[in-house]
Amino acid sequence: MCGIVGYLGNGDAYPVMIKGLKRLEYRGYDSAGVAILENGDLKLYKCKGKVADLENLVEKSSKTGGIGIGHTRWATHGVPNDVNAHPHLSGDQKLALIHNGIIENYASIKAELQSRGHIFLSDTDTEVLVHFIEDVRAKTGVPLFEAVRMALSEVHGAYAIVVIDKENPNQLIAAKKSSPLVIGIGSDDEYFIASDATPIIEYTKNVVYLEDEEVALIDRKEGLKIVTIQNQSKTPYIQALELKLEAIEKGGYDSFMLKEIHEQPRSIRDSFRGRINLQHGIIKMSGIDDHKDKWIAANRIIIVACGTSWHAGLVAEYLFEEFARIPVEVEYASEFRYRDPVIMPGDIVIAISQSGETADTLAAIELAKERGAFIFGVCNVVGSTISRATHTGAYTHAGPEIGVASTKAFTAQVTVLYQIALAVAQARQTLSQDRVTRLMAELNSVPDKVEEVLKTNAIVETIAEIYKDSRNALYLGRGYSFPVALEGALKLKEISYIHAEGYPAAEMKHGPIALIDEEMPVFVIATQGQSYEKVVSNIQEVKARKGKIIAIVTAGDKTVKELADHVIEIPKTDDSLVPIVSVIPLQLLSYHVAVMRGCNVDQPRNLAKSVTVE
Ligand code: G6P
């Protein structure tokens, strides 16, 4: 949520910032801005719209200067417009600041500052913060770095900020709490700062991830210094960045989403590579092996997540209950954290998050931790806040996911949760070794089956053409396919803005059936398996009301083919693995519908990839 980039060095800041902002645009894209410093001159450019709009704005101006900060925004306080765009300036126009997060007590600070003559131009909490820093500096006479620290000690909320001072072209000052910030240390006294490593990757592999409540002073001559908000000095911990440039580029595809859909045979395989040993019938995951006693004694699993990750959690509910016989509750992290949840001894909390930065999921983890639960994280981004906040966990290894609508992260999450459920079942002896071995072999064949499903692209495109102008759509599934119905509906609404609902197929008759007429496309996951006959009956109910059926069926199916208006065939697999295979055509369908409707699939309106505000 909001992209931050900063540069200090002997080169030009502007190109680094623009390139960086483009990489970070997936985090927020309703307005963008940069501030560049050169010879005591603070140049500020900002506007509503995308980074490309910002480039047009800056085009004719001088863009030189060796220190700069840039921002791409996802609006929280104040509508997306030129004035609310970052950077924001202090009242004396000397300080420029960019911010990701929310300053919760901004209203009281603003009122106090206004009573002493501060005038605010925007509706943002960010402008309040930069005025507040200015005020602290003016009152105390301390250096800016100290003023930032002092001001932040009185701020409640979440922030990642970078500040520059017109009168000091040698320093960048940054701080963070609950929003990520990484500093890249280049050669030749060059420094980069960003809300994730993607803008830094081509300049240096040496990075320092700031911790919560740390303030960093980056000085051209003196290098990097870090203190906590409580004024304790910290030694910067320099890590080697493992990210590869190809992983964050489109690789010949029109969009990141399409690339990520097609990457799934590989990303699914990567998420079990080195973990399943078919020859010996074992699953090796240190997060399970090192805490076996806890998993064996588990009385309950509580899964906390948001969005698509929550859907992966729903699939896991079926998996853990069927395989390991542990009762599972799947919670929206945002609801869990604000209830007074009952955590009992023997509860294990699994937090699922692609980004590892989602504010609600993080807060749910902290709450469960306070109450004594053992927390297991399933994250995609290595080193992310959630992966560090949990007691143990397993990475999904899907590689960077840039498209806002999650695709490969979902299938990797389900694959990892699948292995956890199998490993726990083995430890608790709730499945026979024979069944575990067969399921492992079946999991091993899933990437090839996904490859097969990707070949249905042309059929899916034809179906998309027929239904692209629909105003509503219904998605139905039972058992393991119910979460897939929810995920299919979410994908469609996220990127094509068609209203879509996912329902358990049997629940349809308790309400959604009233919506069905000859205009309504109904997508049904009707693969052969446990609930097949029941789903066929639900299809009959839709047809009796003239609804249009688009069914995802097992290859060779005849019954549904006769009833449905269109079928998409997928290879046969175990019921428990159907979600990973059947979600693929639904992802493709949403993609094609969105493209046909002229929507930006990678950056759908109002959304952001990483939601670091609650
Ligand atoms: C946002 C994204 C979704 C994602 C959700 C949870 O809403 O647009 O794609 O599923 O956040 O994110 P997480 O990173 O925690 O999985």
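Is there a residue being assigned by TED's automatic domain parsing to the domain that holds ARG149 and within 20 Å of the chain's Cα centre (by Cα) anywhere in segment 217-238?
Keep residues of segment 217-238 that are assigned by TED's automatic domain parsing to the domain that holds ARG149, which gives 217-238.
Then drop every residue that is not within 20 Å of the chain's Cα centre (by Cα), which leaves none.
Checked segment 217-238: no residue is assigned by TED's automatic domain parsing to the domain that holds ARG149 and within 20 Å of the chain's Cα centre (by Cα).
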Note to self: As an exercise: evaluate GLY403 against (1) assigned to a helix (DSSP H, G or I); (2) more than 23 Å from ILE276 (Cα to Cα); (3) of a type outside the set (Asp, Glu) and give the number of the one condition it does not meet.
What the structure shows: (1)
Margin query: I'd like to know if segment 239-248 contains one or more residues that are at pLDDT 95 or above and either of a type in the set (Ser, Thr, Tyr) or outside any helix (DSSP H, G or I) (or both).
Written below: no
Next item on the list: Look at GLN279 and say whether it is assigned to a loop (DSSP other than H, G, I, E, B), out of contact with any Leu (no Cβ under 7 Å at 6 or more places or on another chain), loosely packed, with under 15 Cβ neighbours inside 10 Å and assigned by TED's automatic domain parsing to the domain that holds ILE343.
Entry: yes
Note to self: For a quick check of your reading of the model, give me the residue pairs whose first member lies in segment 58-84 and is assigned by TED's automatic domain parsing to the domain that holds PRO169, whose second is in a loop (DSSP other than H, G, I, E, B) and aliphatic (A, V, I, L, M), with beta-carbon atoms closer than 7 Å and at least 6 apart or on different chains.
What the structure shows: ARG73/ALA85; TRP74/MET1; TRP74/ALA608; THR76/VAL613; VAL83/LEU121; ASN84/ALA75
Check: away from the ligand (no atom under 13 Å from the Cβ) and of a type in the set (Asp, Glu) - does that describe any residue in segment 575-584?
Finding: yes
Next item on the list: Search segment 346-359 for residues that are surrounded by 24 or more Cβ atoms within 10 Å (Cβ to Cβ) and pair each with any residue that is aromatic (Phe, Trp, Tyr) when their beta-carbon atoms are under 8 Å apart and the residues are at least 6 apart or on different chains.
Entry: ILE348/TRP295; ILE348/PHE374; ILE348/PHE376; VAL349/PHE374; VAL349/PHE376; ILE350/PHE376; ALA351/PHE376; ILE352/TRP310
Notebook entry, point to check: Counting just the residues of segment 588-608 that are within 20 Å of ALA412 (Cβ to Cβ) and surrounded by 24 or more Cβ atoms within 10 Å (Cβ to Cβ), which one comes out farthest from the ligand (Cβ to nearest atom)?
Noted result: LEU588
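Any residue at all in segment 153-162 that is hydroxyl-bearing (Ser, Thr, Tyr), within 18 Å of CYS2 (Cα to Cα) and touching a Lys or Arg at 6+ places or on another chain (Cβ under 6 Å)? Spell out the reasoning first.
Within segment 153-162, the first condition is being hydroxyl-bearing (Ser, Thr, Tyr), and the residues that meet it are 153, 159.
Next cut, within 18 Å of CYS2 (Cα to Cα) only: 159.
Still in the running and touching a Lys or Arg at 6+ places or on another chain (Cβ under 6 Å): 159.
Looking through segment 153-162, at least one residue is hydroxyl-bearing (Ser, Thr, Tyr), within 18 Å of CYS2 (Cα to Cα) and touching a Lys or Arg at 6+ places or on another chain (Cβ under 6 Å).
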Margin query: Whether any residue in segment 504-524 is closer than 15 Å to HIS311 by Cβ and free of Cβ contacts under 8 Å to residues at least 60 places away in the same chain is what I want to check.
Written below: yes
Next item on the list: Can you tell me which residue within segment 56-73, out of those that are outside any loop (DSSP other than H, G, I, E, B) and at pLDDT below 95, is surrounded by the most Cβ atoms within 10 Å (Cβ to Cβ)?
Entry: THR72
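Find the helices (runs of 4 or more DSSP H) located wholly in segment 286-374 whose residues include 1 or more that are more than 15 Å from the ligand (Cβ to nearest atom), and list them.
286-289, 292-297, 307-319, 359-370
Condition check: surrounded by fewer than 24 Cβ atoms within 10 Å (Cβ to Cβ) and under 22 Å from the mean Cα position of the chain (by Cα). Does ARG371 satisfy that? Steps first, answer last, please.
Values: surrounded by fewer than 24 Cβ atoms within 10 Å (Cβ to Cβ): yes; under 22 Å from the mean Cα position of the chain (by Cα): no.
No; evaluated as a whole, the condition is false for this residue.
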Notebook entry, point to check: Within the bounds of segment 94-115, is there any residue that is outside any helix (DSSP H, G or I), surrounded by fewer than 24 Cβ atoms within 10 Å (Cβ to Cβ), over 21 Å from the mean Cα position of the chain (by Cα) and at pLDDT below 90?
Noted result: no
Note to self: Let me spell it out: the conditions are (1) of a type in the set (A, V, I, L, M, F, W, C); (2) within 15 Å of the ligand (Cβ to nearest atom); (3) in contact with a helix residue (DSSP H, G or I) (Cβ under 8 Å, 6 or more places away or on another chain); (4) not in a strand (DSSP E or B), and VAL382 meets all of them except one. Which number is the exception?
What the structure shows: (3)
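Kindly indicate whether LEU121 is out of contact with any Cys (no Cβ under 9 Å at 6 or more places or on another chain) and either free of Cβ contacts under 8 Å to residues at least 40 places away in the same chain or not assigned by TED's automatic domain parsing to the domain that holds ILE98 (or both). Break it down stepwise before answering.
Working: out of contact with any Cys (no Cβ under 9 Å at 6 or more places or on another chain): yes; either free of Cβ contacts under 8 Å to residues at least 40 places away in the same chain or not assigned by TED's automatic domain parsing to the domain that holds ILE98 (or both): yes.
The answer is yes for LEU121.
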Check: How about segment 338-372: which of its residues are among the acidic types (Asp, Glu), touching a strand residue (DSSP E or B) at 6+ places or on another chain (Cβ under 9 Å) and over 21 Å from ASP212 (Cα atoms)?
Finding: ASP347
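In the set TYR159, TYR203, which member is buried (at least 17 other Cβ atoms within 10 Å of the Cβ), in contact (Cβ under 8 Å) with a residue 40 or more places away in the chain and not in a strand (DSSP E or B)? Before you say what the answer is, go through the steps one by one.
Values: TYR159 fails: not in a strand (DSSP E or B).
Only one candidate passes the filter, namely TYR203.
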Item checked: Candidate set from segment 1-29 (those that are modelled with pLDDT under 90 and charged (D, E, K, R)); member that is nearest to THR126 (Cα to Cα) -> ARG27
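Please enumerate the residues belonging to segment 121-154 that are assigned to a loop (DSSP other than H, G, I, E, B) and within 14 Å of THR228 (Cα to Cα).
SER153, GLU154
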Next item on the list: Just one of (1) surrounded by 16 or more Cβ atoms within 10 Å (Cβ to Cβ); (2) touching a residue at least 40 places away in the same chain (Cβ under 8 Å); (3) touching an Asp or Glu at 6+ places or on another chain (Cβ under 9 Å) trips up LYS221, so point out which.
Entry: (1)
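Return yes when ALA412 is within 20 Å of ASN277 (Cβ to Cβ), buried (at least 17 other Cβ atoms within 10 Å of the Cβ) and within 15 Å of the ligand (Cβ to nearest atom) and no when it is not.
Working: within 20 Å of ASN277 (Cβ to Cβ): yes; buried (at least 17 other Cβ atoms within 10 Å of the Cβ): yes; within 15 Å of the ligand (Cβ to nearest atom): yes.
When the stated conditions are applied, ALA412 passes them.
Conditions (1) surrounded by fewer than 22 Cβ atoms within 10 Å (Cβ to Cβ); (2) over 32 Å from the mean Cα position of the chain (by Cα), marked per residue:
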position: ALA506; (1), (2): yes, no
position: HIS510; (1), (2): yes, yes
position: LEU515; (1), (2): yes, yes
position: PRO521; (1), (2): no, no
position: GLN530; (1), (2): yes, yes
position: SER537; (1), (2): yes, yes
position: LYS546; (1), (2): yes, yes
position: ILE550; (1), (2): no, no
position: ASP557; (1), (2): yes, yes
Checklist line | Qualifying strands (runs of 3 or more DSSP E) (wholly inside segment 421-529; at least 3 residues being β-branched (Val, Ile, Thr) and either modelled with pLDDT of 95 or more or within 16 Å of the ligand (Cβ to nearest atom) (or both)) | finding: 521-525
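Among the residues of segment 164-181, is any assigned to a loop (DSSP other than H, G, I, E, B) and farther than 24 Å from ILE18 by Cβ?
First, the residues of segment 164-181 that are assigned to a loop (DSSP other than H, G, I, E, B): 166-167, 179-181.
Subsequent filtering for residues that are farther than 24 Å from ILE18 by Cβ retains 167.
Yes, segment 164-181 has at least one match.
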Margin query: Quick check on ILE568: is it more than 30 Å from LEU181 (Cα to Cα), at pLDDT 95 or above and not in a helix (DSSP H, G or I)?
Written below: yes
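The values are calculated or read from the model by the stated rules, or taken from the named source; none is laboratory data. None of these values were measured; they are calculated from a predicted model. Neighbour counts run over all protein chains shown; Cβ positions are idealised from the backbone, glycine included.
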